[in-house]
Amino acid sequence: MAHSSLILKKGRKFDQVIEGARTVFLRDGYEGASVDDIAREAGVSKATLYSYFPDKRVLFLEIAALETRRQADAHEERLDVTDPPEIVLPAAGRKILDFVLSDFGIAVFRIAVAESARFPEIGQKFYDSGPGLLKERLSQYLASWCAQGVLTIDDPELAAEQFAELCKVHLFPAHLFQGRIDVDEAERDRIIDSAVTLFLARYGTRS
């Protein structure tokens, strides 16, 4: 568990590494980013970078956890949670689908799966900042509308996960395993519209 003790060293240079890595990863992607580029962007030596993170994959997962939480926070700020499910669910679903189909999202998924056995705490941190955070916030929203009689859900957390999976049907596995990268807006909308319709048909109380 040496990795946990390494990344707990906070301070100015740690923050520089994080900011430099975020800039390089978002600009160049995981494969295009090099440790040399990250160290240069951060203004630190490679030895300093390695003192915090043992390799590029672990650093990428750290950035992924921070970035997914940042994106989730920004998206939540733009949504009005007093809006009904017919409005909020399509917007939330599209955000989920756009992320998992992005180069960043695909790289995060592949590396998190590959590294979670070696660094389980990193896999847990990404889950807490990504899928876990989505489940928490969406389930709270669903529960609030159950209380108003608009939805009828016994297990909001399960329903939140079900909705997220509906939004990834077909497109995510195709993109992940077949290298499919061109998915037009109409196809994305079709998947999300179907997910929302199916979800509300099961859990909605409105005709």
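The values are calculated or read from the model by the stated rules, or taken from the named source; none is laboratory data. Here the structure is a predicted model, which is why all the values come from computation and not from measurement. All Cβ positions, glycine included, derive from the backbone under ideal geometry; neighbour counts span all protein chains shown. Just so you know, the surface numbers come from the protein's heavy atoms only, side chains and all, with ligands and any DNA or RNA stripped out. Shrake-Rupley method; radii C 1.70, N 1.55, O 1.52, S 1.80 Å.
Ordering Thr48, Ala91, Ser144 by the projection of their Cα atoms onto the charge dipole of the chain, which places +1 on the Cβ of Lys and Arg and -1 on the Cβ of Asp and Glu, puts Thr48 at the extreme positive end.
How large is the convex hull of the C-alpha atoms of region 73-156 per residue, in Å³? Walk me through the numbers on the way to the answer.
Details: hull volume 8.5 nm³, N = 84.
Hull volume over Cα atoms, normalised by residue count, gives 101 Å³.
Relative to the longest principal Cα axis of the chain, at what angle does helix 103-115 sit, 0 to 90 degrees, rounded to 10? Helix 103-115 sits at roughly 70 degrees to that axis.
How many Å² of accessible area per residue for the chain, probe 1.4 Å?
Values: 10840 Å² over 207 residues.
Averaged over the residues of the chain, the accessible area is 52 Å².
Nonpolar atom fraction for the chain, defined as the carbon and sulfur part of the 1.4 Å probe accessible area, stands at 54 percent.
If R0 is 22 Å, what FRET efficiency do you get for Ser45 and Thr23 from their C-beta distance, rounded to 0.05? The calculated FRET efficiency here is 0.80. For the pair Val169 and Ser102, label points projected 7 Å from Cα toward Cβ lie 2.5 nm apart. Rounded to the nearest 20 debye, the dipole magnitude of region 22-121 is 320 debye, with +1 charges on Lys and Arg beta carbons, -1 on Asp and Glu beta carbons, and the Cα centre as origin. Between the helical axis of 156-168 and the longest alpha-carbon principal axis of the chain there is an angle of about 80 degrees.
So if R0 is 25 Å, what FRET efficiency would Glu77 and Leu158 give, r being the distance between their Cβ atoms, rounded to the nearest 0.05?
E(calc), rounded to 0.05, equals 0.40.
The length gained by stretching the chain between Glu187 and Arg202 to full extension, at 0.36 nm per residue less their Cα-Cα distance, is 3.1 nm. If you fit an axis through the alpha-carbon atoms of helix 12-32 and take the longest principal axis of the Cα set of the chain, what angle between them do you get, 0 to 90°, nearest 10? That helix lies at roughly 70 degrees to the long axis.
What ranking do 171-178, 192-199 get when scored by the average of other Cβ atoms within 10 Å per residue, highest first? Kindly include the intermediate steps, with their values, before the conclusion.
Values: 171-178: 14.5, 192-199: 18.4.
Those peptides, ordered most packed to least, come out 192-199, 171-178.
Charge dipole (Cα centre; +1 on Lys/Arg Cβ, -1 on Asp/Glu Cβ; no other charges) of the chain amounts to roughly 640 debye. Pick the calculated Cα Rg over 2.2 N^0.38 Å for this structure from (1) 1.14; (2) 0.95; (3) 1.02? It is the value labelled (1).
Glu161: net charge of surrounding residues, Cβ under 10 Å, Lys/Arg +1, Asp/Glu -1, itself excluded? Display every interim value, and only then the final one.
Working: positive: Lys135; negative: Asp155, Glu157, Glu165.
Summing Lys/Arg as +1 and Asp/Glu as -1 gives -2.
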